[in-house]
Amino acid sequence: MEKILIPTLILLCSIFTIIQPTSSQTTTPGFKCTTRGATCNSLIDYKLPNTTTLSSVRTLFQIKNLRTLLAANNLPLTTPQNQTYPASTTLKIPFPCSCTNNGTGISNHRPIYTVVPNDGLYHIAAEVFSRLVTFQQIQAVNNISNADEIEVGQKLWVPLPCSCDDVGGEKVVHYGYSVPTGSNVAGIVNQFNTTESVLLELNGLKDAKDLLADSVLDVPLKVCTTSVRNGSMDYPLLVPNGTYTLTANNCVRCQCNAANSWVLQCEPSGISLPNGPTCPSTQCAGTAFDLGNSTSDSNCNLSRCAYAGYNTNGTILTTLTQESTCPAGNNNNGSPSGNGSKGLRSSLALVASLIALHLLR
């Protein structure tokens, strides 16, 4: 095997660069992940170091299916894998996360990077993986005794930071957000529907002023509510705002959009399955509704055929749900009976009549 020796001068320059306070290289390995042994799905930002295709990104991070990458970035399913994006474009990378014994979370033995000629650990961490990790972190998880010496063809596990912890008693998707220059905590809080106290605590920051540009921040993404049953093969189905997922063997597409009252919207994916099989029925039992179909009445009550999961034999489960679509402040006033202000006026009239009768006695 060819060995790569990093010249001393280059190594010293690399170390100097790493200790700059504006770099994410100063972050603690992994995010806090206290549920020992837990696994989950996470997201992290990847700023492209050069003009790159989706296929190259998928290969680098070992994403099994292009559709998974498309879904994380809310890109159309028809987007080709040779689609190119210019340098500095940021793509969200989906990956499996695992809680370690030391209370932090890192990617579950993915991605694996193969060393090529003229590689060095710092180059791999800072340039190939855009400072998502430090070279010391790669060195530690791969038990490399001498960071100055690696071999061409050597397989290196790159430990991306992540977490599987609930936040505020609720399940979330932890997102490694690459902080742009000029950002502040208040803006990030508003953008991602969280609070300053939560953001500071998760990231071990004492003050909002401690936020560093180019750091990788643990941002808990709220997920849409679902009707997926506990026994389903995809439970819990956690889909954050602005993304979608393919589930039930790619037969169902579920999208989260905060504008839809944070309720997961699922429908048949329309994807043709390999080897000729067709997707099972997605009709709500006892109705003429198919998955995703809905109807509403004059009282703002919406009936929807919602996705409820799938079982080991591939059967897709559905359920008929009831939702209120009344906007705040309309004539119904959100009244469960649908009478709204009319019902309130009737009640006030009744009270007035009772008072008048009492006074006449």
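Residue under question is L217, and the condition is that it be in a strand (DSSP E or B) and closer than 21 Å to C162 by Cα; does it hold? So L217 passes the test. In this structure, does S197 turn out to be crowded, with 17+ Cβ neighbours inside 10 Å and of a type in the set (G, A, S)? In short, no. In the range 215-233, the qualifying residues are those that are among the charged types (D, E, K, R) and closer than 22 Å to C33 by Cα, and the one that is farthest from the chain's Cα centre (by Cα) is D218.
Annotation: of all residues in the range 148-166 being of a type in the set (A, V, I, L, M) and surrounded by 18 or more Cβ atoms within 10 Å (Cβ to Cβ), the one that is nearest to V128 (Cα to Cα) is V158.
Every residue, every condition in (1) closer than 20 Å to L238 by Cβ; (2) touching a helix residue (DSSP H, G or I) at 6+ places or on another chain (Cβ under 8 Å); (3) part of a helix (DSSP H, G or I); (4) not polar (S, T, N, Q), yes or no:
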| position | (1), (2), (3), (4) |
| --- | --- |
| N50 | no, no, no, no |
| Q62 | no, no, no, no |
| R67 | yes, no, yes, yes |
| T78 | no, no, no, no |
| Q81 | no, yes, no, no |
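Selection of the range 269-288 for residues being of a type outside the set (G, A, S) and surrounded by fewer than 16 Cβ atoms within 10 Å (Cβ to Cβ) yields I271, L273, P274, N275, P277, T278, P280, Q283, T287. Residues of the range 131-180 being of a type outside the set (K, R), over 28 Å from L200 (Cβ atoms) and part of a strand (DSSP E or B), which ones? The answer is E149, I150, E151, L156, W157.
Against the criterion of being in contact with a strand residue (DSSP E or B) (Cβ under 6 Å, 6 or more places away or on another chain), surrounded by 14 or more Cβ atoms within 10 Å (Cβ to Cβ) and either modelled with pLDDT of 95 or more or more than 26 Å from E201 (Cβ to Cβ) (or both), L77 does not qualify.
The values are calculated or read from the model by the stated rules, or taken from the named source; none is laboratory data. What you are looking at is a predicted structure, and each value in this text was computed from that prediction instead of being measured. FYI the Cβ positions are ideal-geometry reconstructions off the backbone, even for glycines, and counts take in every protein chain you see.
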